[in-house]
Amino acid sequence: MTNKSRGLTFEQFNVGDTFSSQSRTVTEADVVSFAGLSGDFNPLHTDEEFAKTTPFGTRIAHGMLVAAMATGMSNWTGVFEGTTLALMEQVIQYKAPTKFGDTVHLELKVLEKKETSKPDRGVVIFETKVCNQEGKAVIEGKWTLMMKRG
């Protein structure tokens, strides 16, 4: 039995198409797990008393944790399932802090499509935004993906 891809192929993406993921809440457990995995125990993320002295007034999630969550949320949309050949580039701009308890989701917009020299693939460039429960972007960026052709 072969696995049938459910994601979209290069031809199925159109400039201007938008996709939104489900939301998820960023928890203390997420931050503690990420600190252990990454080795980033910056007190801004792990020490509430220290974090109270910062402009944020409390601990915040690692920016890279939220960026990593975005890659997972992109898969929740279903558009990349089995049709992504490579994530070629990510541009990440941190726009606002993500606090413990914030609920975030990913928004993707197709900016550009590029042909490649190989007939079985193409490149799609997406504008990305991770927004919190207030609709405020906490991360903005661009993702460049190599996608299968149909």
Original post:
For the chain, modelled as a Gaussian network with Cα springs under 10 Å, which listed residue fluctuates most, Gly63, Gly78, Gly135?
Top reply: Gly135
Original post:
Normalised by the number of residues in the chain, what is the relative contact order in percent for Cα pairs under 8 Å and 6+ residues apart?
Top reply: 31
Subject >> GluC sites (Glu not before Pro) restricted to DSSP loop in the stretch 64-121 with at most 16 other C-beta within 10 Å >> reply: Glu81
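Regarding the stretch 1-83, what whole-number volume in Å³ per residue does the convex hull of its Cα atoms give? Kindly include the intermediate steps, with their values, before the conclusion.
Numbers: hull volume 11.7 nm³, N = 83.
Per-residue hull volume (Cα only) is 141 Å³.
Could you please report the charge total around Gln12, scoring K, R as +1 and D, E as -1 over all other residues with beta-carbon less than 13 angstrom from its beta-carbon? Working shown, then result.
Details: positive: Arg6, Lys113, Lys148, Arg149; negative: Glu11, Asp17, Glu81.
Net local charge, Gln12 excluded: +1.
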Original post:
Pairing the Cα long axis of helix 28-38 with the longest principal axis of the chain, what angle in degrees results, from 0 to 90 and rounded to the nearest 10?
Top reply: 70
**OP:** Could you work out which residue, out of Leu37, Leu87, Leu111, moves most in a Gaussian network model of the chain, that is, has the largest mean-square fluctuation with Cα springs under 10 Å?
**Re:** Leu37
**OP:** With Cα Rg over 2.2 N^0.38 Å defined as stated, name the option among (1) 1.03; (2) 0.98; (3) 1.17 computed from the structure displayed.
**Re:** (3)
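Can you list the trypsin sites (Lys or Arg not before Pro) in the stretch 31-116 that are in a DSSP coil and have 11 or fewer other beta carbons within 10 angstrom?
Working: sites: Lys52, Arg59, Lys95, Lys99, Lys109, Lys113, Lys114; in loops: Lys52, Arg59, Lys95.
Counting only loop positions with at most 11 other Cβ atoms within 10 Å, the trypsin sites (Lys or Arg not before Pro) in the stretch 31-116 are Lys52.
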Original post:
In degrees between 0 and 90, to the nearest 10, how far off the longest principal axis of the chain does helix 63-76 point, with axes built from Cα atoms?
Top reply: 40
**OP:** Quick one: among Ala137, Ala70, Ala35, which has the greatest mean-square fluctuation in a GNM of the chain with alpha-carbon springs under 10 angstrom?
**Re:** Ala35
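Quote the relative contact order of the stretch 46-125 in percent (integer), defining contacts as alpha-carbon pairs under 8 Å separated by 6+ residues. Display every interim value, and only then the final one.
On the way: 53 pairs, mean separation 21.0, N = 80.
Relative contact order comes out at 26 percent.
FYI, it's all coordinate maths here, none of it is from the lab. Here the structure is a predicted model, which means the values were calculated and not measured. Using ideal geometry, Cβ is built from the backbone for each residue, glycine included, and neighbour counts are taken over all protein chains shown.
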